[in-house]
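Structure first, then comments.
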Amino acid sequence: MPLVSTRDLLLDAKRGGYAVAAFNIENMEMAQIVIQTATELRSPVIIQTTPGTVNYAGLDMLRAMVAVEAAKTDIPVAMHLDHGDSYERCIAAIGANYTSVMIDGSKLPYEENVTLTKSVVDAAAKQDIDVEGELGTLGGKEDTHEVKAGAEIYTDPAQAKDFAEKTGVHSLAVAVGTAHGFYKGEPKLDFDRLKKIIELVNIPIVLHGASGLPDEAVSRSVKLGVCKVNFATELRVAMTKGVREVLQDESVYDPKVYMKLGKKYVAETVKHKIIVCGCNGKA
Ligand code: 13P
């Protein structure tokens, strides 16, 4: 079916007590396998691309690949710009018919984050497109987006409420102890803070940096009311592991051949994450 509104997916998740798994893709093979796996599990799914991926393949190409694969299935598929790094980037994604965008003003002083985020919300409203904001700073590296160790700032619940009200964002990414990329030790989430944020803020809350997070931490966050969980690094690792293994055999030279095992590993990862988020059987 055609791509669906991200808003509907997140509000259904909020009502239903599960989270929609959101997967970052880098290429056609990943778009195909994520949507095919979600179809097998009868799960709604959000496909995301970062600015780094957009610079690599282009918004129109990425949107077209995802739309073609979504047209073959009857599960709802939404397409989201992850970590939009400027007003212009978000406007371009809206122009390319993404179904939602994130504006990440989390590194800015609070008032500047509010102003930037509100400007994107106002522009997106003209096309009825949803906007995800971010408040607080996650550690780690997500493609071109990096926060050095020690620069993390956990989201303040009262400020999150104020942010949601002042900006009108439709969903909010929060910092409660997760990090993008690989974890150095066992991540410890501040569940009390997360609970408080969810009680105070009346819009879907998003958990970033879920690669490497223990399953119990993800499912506990979902039980508390998180509605969207982002996975990127583990998919990249799965794809690359498969390609690397196949290319040990130097007689292999065809991308159609050496992508296959990577796709299988990505499918296994996606399946696992969908089940942890509880969105299997929700489509
Ligand atoms: P990971 O790379 O840690 O899975 O984080 C994904 C993410 O939050 C994308 O925005």
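The values are calculated or read from the model by the stated rules, or taken from the named source; none is laboratory data. Bear in mind the structure is a predicted one, so any value in this text is a computation, not a measurement. Note that each Cβ is placed from the backbone with ideal geometry, even for glycine, and that neighbours are counted across all protein chains shown.
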Filter the stretch 74-103 for residues that are of a type in the set (D, E, K, R) and within 20 Å of SER119 (Cβ to Cβ); the one that is surrounded by the most Cβ atoms within 10 Å (Cβ to Cβ) is ASP82
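Residues of the stretch 64-73 being of a type outside the set (Gly, Ala, Ser) and surrounded by fewer than 23 Cβ atoms within 10 Å (Cβ to Cβ), which ones?
First pass over the stretch 64-73, keeping only residues of a type outside the set (Gly, Ala, Ser): 65-66, 68-69, 72-73.
Those that are of a type outside the set (Gly, Ala, Ser) and surrounded by fewer than 23 Cβ atoms within 10 Å (Cβ to Cβ): MET65, VAL68, GLU69, LYS72, THR73.
Can you spot a residue in the stretch 253-263 that is surrounded by 17 or more Cβ atoms within 10 Å (Cβ to Cβ) and either within 15 Å of the ligand (Cβ to nearest atom) or part of a loop (DSSP other than H, G, I, E, B) (or both)? Lay out the reasoning, then the answer.
Initial filter on the stretch 253-263 (surrounded by 17 or more Cβ atoms within 10 Å (Cβ to Cβ)): 258-259, 261-263.
With either within 15 Å of the ligand (Cβ to nearest atom) or part of a loop (DSSP other than H, G, I, E, B) (or both) added as a condition, the list becomes 259.
Within the stretch 253-263, one or more residues are surrounded by 17 or more Cβ atoms within 10 Å (Cβ to Cβ) and either within 15 Å of the ligand (Cβ to nearest atom) or part of a loop (DSSP other than H, G, I, E, B) (or both).
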Residues located in the stretch 162-207, provided they are without any contact (Cβ under 8 Å) to a residue 60 or more places away in the chain and hydroxyl-bearing (Ser, Thr, Tyr): THR167, THR178, TYR183
Please pick out the residue among LEU213, LEU224, LEU235 that is within 16 Å of the ligand (Cβ to nearest atom), within 20 Å of the chain's Cα centre (by Cα), modelled with pLDDT of 95 or more and closer than 22 Å to LEU135 by Cα. LEU213
Could you list, in sequence order, the residues of the stretch 45-59 that are surrounded by fewer than 24 Cβ atoms within 10 Å (Cβ to Cβ) and within 20 Å of SER5 (Cβ to Cβ)? LEU59
Specify the residue that is farthest from LEU116 (Cα to Cα); the eligible residues are those in the stretch 134-160 that are within 15 Å of the ligand (Cβ to nearest atom) and of a type in the set (S, T, N, Q). THR144
Going by the structure shown, is GLU111 more than 30 Å from ALA67 (Cβ to Cβ) and either within 16 Å of the ligand (Cβ to nearest atom) or surrounded by 19 or more Cβ atoms within 10 Å (Cβ to Cβ) (or both)? no
